[in-house]
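Values quoted throughout were computed directly from the atomic coordinates according to the rules given, and no laboratory measurement underlies them. Note that the coordinates shown come from a computational prediction; the quantities given were computed from them, not determined experimentally. Don't worry about glycine lacking a Cβ; one is built from the backbone with ideal geometry, like all the others, and counts go over all protein chains shown.
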Amino acid sequence: MQYVIPVPHQATIDVVGTDAKFPVRRIWCVGRNYADHAREMGHDPNREPPFFFAKPADAVVPSGSTIAYPVQTKDLHHEIELVICIGKGGRNISPDKALDHVFGYALGLDMTRRDLQSDAKKLQRPWEMGKSFDESCPITPIQPATKIGHPKAGAIWLKVNGEVKQKGDLNQQIWQIDEAIAYLSNFVALEPGDIIMNGTPAGVGPCKAGDTLEGHCEGVGDLKVTYRAA
Ligand code: MN
């Protein structure tokens with residue numbers, strides 16, 4: 001096969017215990033999946049159907065990176081999230097079969113240009129410029145499900161410069177892993193390489209150039225990313 005322009009680089013995520021990489025196809029993100037976070041954003045925490053938005057695959061950045069504070073924002077927010085990595089595709093997947101489609105789990109940041117997202121909400125415009133920008137998805141290596149199973153509970157937190165800002169437990173997710181996969185697969189055919197960021201606990205807030213973000217999810221991993229000083 002010949003191409004008329006250079007073929008885009010395949011975005012990948014490291015996998016614990018092997019040199020082989022996980023190729024990223026699409027990044028799906030669940031909105032408002034922890035009741036406390038829904039409340040802090042001014043929404044009803046009742047169990048409304050989940051909704052999804054997306055980031056481009058090449059938004060992934062490996063944990064340990066130092067990255068630039070993004071352009072066009074004065075209010076960059078952190079959202080620490082469990083990431084479900086799909087290994088086997090399917091559509092209309094039932095919740096009781098959903099975990100068979102998981103390759104593994106990672107810990108990621110759904111970095112958000114909150115000012116742009118807030119403007120988009122007010123104007124009833126799409127969220128992409130708030131959510132789907134370059135380097136907006138720092139992520140740890142993936143833990144294969146064959147090694148760690150499927151986490152149903154466990155602490156998840158985020159510190160900025162050593163101070164705890166977000167704190168929750170995976171058991172507070174309104175839509176659990178199996179339900180999120182099942183629901184999303186009713187709208188799009190999932191394929192290997194798709195990943196799902198399953199929402200963030202309460203405590204989202206701003207970070208600035210020079211800040212170091214450290215995240216933890218029990219049994220899944222530890223994430224660290226630094227924004228280059230201005
Ligand atoms: Mn999020």
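Every residue, every condition in (1) exposed (fewer than 12 other Cβ atoms within 10 Å of the Cβ); (2) within 15 Å of the chain's Cα centre (by Cα); (3) away from the ligand (no atom under 16 Å from the Cβ); (4) not polar (S, T, N, Q), yes or no:
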position	(1), (2), (3), (4)
HIS9	yes, no, yes, yes
VAL15	no, no, yes, yes
ASP19	yes, no, yes, yes
MET41	no, no, no, yes
PRO45	no, no, no, yes
ARG91	no, no, yes, yes
With the condition kept exactly as written, say whether any residue in the range 56-77 is within 15 Å of the ligand (Cβ to nearest atom), closer than 15 Å to PRO201 by Cα and crowded, with 16+ Cβ neighbours inside 10 Å.
yes
Counted residues, the range 161-218 - those being crowded, with 18+ Cβ neighbours inside 10 Å, closer than 21 Å to VAL60 by Cα and basic (Lys, Arg):
0
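Could you count how many residues in the range 89-147 are outside any loop (DSSP other than H, G, I, E, B) and not charged (D, E, K, R)?
The total comes to 28.
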Which of the numbered conditions does GLN143 fail, given that it passes all the others? Conditions: (1) away from the ligand (no atom under 14 Å from the Cβ); (2) buried (at least 22 other Cβ atoms within 10 Å of the Cβ); (3) at positive phi; (4) of a type outside the set (D, E, K, R).
(3)
Determine if the range 173-191 includes at least one residue that is within 16 Å of the ligand (Cβ to nearest atom) and touching a Ser or Thr at 6+ places or on another chain (Cβ under 9 Å).
no
Filtering the range 78-88 for residues that are more than 16 Å from the ligand (Cβ to nearest atom) and outside any strand (DSSP E or B) leaves a count of 2
Would you be able to tell me the number of residues in the range 144-176 that are β-branched (Val, Ile, Thr) and over 12 Å from CYS217 (Cβ atoms)?
4
Listed by first then second residue, the pairs whose first member lies in the range 104-116 and is touching a residue at least 12 places away in the same chain (Cβ under 8 Å), whose partner is of a type in the set (Lys, Arg) and not in a strand (DSSP E or B), with beta carbons under 8 Å and at least 6 positions apart or on separate chains, are GLY104/LYS147; ASP110/LYS131; THR112/LYS131; ARG113/LYS131; ASP115/LYS74
